[in-house]
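Read through the structure below, which is laid out as C-alpha cells, and then see the notes.
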C-alpha cells in the first residue's frame, strides 16, 4: 500500500490567510495542518507517501517536511500545475503508486480514527474501493452517501434533499483499476475532474464500500470558522494525548 496526500489548491475561501501561503501550512494548535494527515499515514502503517501540491508552495513543503523521516515516512513530491480538481491530482500519482493499492488523504482533514485495520482489510480485498464517512446533522453541504447494507449505492454532492446523514470525508482507498477509471471521467461544469465522479464509477460497478470513522473528524480547510473550530478541538485532543 502506498499513500498519497493532496495538498494543492488556492484556498480562496481562507483569504487573506492564504494570500501568500498554502492552507495546509497554516497552524492548527501547535503544528502545521499538513502534519496531521502525515501522522495518520504513519499510524496506518503506510510508509511510502507522495505529497501533491502547487508549484508556488512546493519549496515550503520540502523545507518543512524534508524526507519525511520525522514522521517515520519516505516522502516524495509531485506538482499539480493547474487547478484540475482532486481526481486530476490523484492521477498524478500513477507512476509513484505503480501496481500497488493506495490510501488517499486530503491534506486538510484531521481525524483520530486509526486507519490501520481498514488498510489491512483492504489489502486482502479482491478489488474495488473504500470511502470513509461520518454522520452529520446537516449533511447537505457535503457529498452524501447512500447505503444498501454494506454497499454504497450513491454519492450525491450537496443535495437539497439528502438521502442520509452519512457524508463523505477526504479519505479514500483504491485498487489498481483506478488509473483506467480516471481516464474515463470528464471535467465537471467547473472544468475539474471531480473525486465524486471517480468514486461513483466504483459505486455503479458495485465495488465501493464505506467504513464509518470513529472519534473526531473535521475538514479544517473549508472556512475560517472550521479552521478556528479545528484549532480549539485539536488543542483539547493534544492535551489529552488523543492525536
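Derivation of every value follows stated rules applied to the coordinates shown; laboratory data play no part. Treat the numbers as computed from the prediction; the structure is a model and nothing was measured. In this analysis, Cβ positions are derived from the backbone assuming ideal geometry, glycine residues included, and neighbour counts consider all displayed protein chains.
Ordered by the count of other Cβ atoms within 10 Å of each Cβ, fewest first, 43, 151, 239 give 239, 151, 43.
By DSSP, the beta bridges lying fully in the chain are antiparallel in about 55 percent of cases. Cβ crowding within 10 Å ranks 156, 82, 150 as 150, 82, 156, fewest other Cβ atoms first. Panel order for 146, 135, by other beta carbons found within 10 Å of each beta carbon, from fewest to most: 135, 146. Whole angstrom only: what separates the Cα centroid of segment 87-153 from the Cα centroid of segment 199-243? Cα centroid to Cα centroid, the span is 12 Å. Note on segment 2-239: percent of Cα-Cα distances in each 10 Å bin, starting at 0 and stopping at the bin with the largest distance, equals 7, 33, 41, 18, 1.
Comparing 187, 16, 159 in a Gaussian network model of the chain where C-alpha atoms under 10 Å apart are linked, the largest mean-square fluctuation is found at 16. Between residue 150 and residue 56, the modelled label-to-label distance comes to 4.6 nm, taking each label 7 Å out from Cα in the direction of the beta carbon.
Considering only 93, 58, 161, the mean-square fluctuation computed in a Gaussian network model of the chain, springs between alpha carbons under 10 angstrom, is largest for 161. Estimated from helices alone, the mean residue ellipticity of the chain at 222 nm is -7500 deg cm²/dmol (sum of -39500 (n - 2.57) over DSSP H runs with n ≥ 4, per residue). Within the listed set 59, 154, 72, the residue fluctuating most in the Gaussian network model of the chain (springs between alpha-carbon atoms under 10 angstrom) is 59. One decimal place: the segment residue 69-residue 157 gains 28.0 nm when fully extended, by the rule 0.36 nm per residue minus the C-alpha distance. Using the Cβ-Cβ distance between residue 177 and residue 229 with R0 set to 45 Å, the FRET efficiency works out to roughly 0.75.
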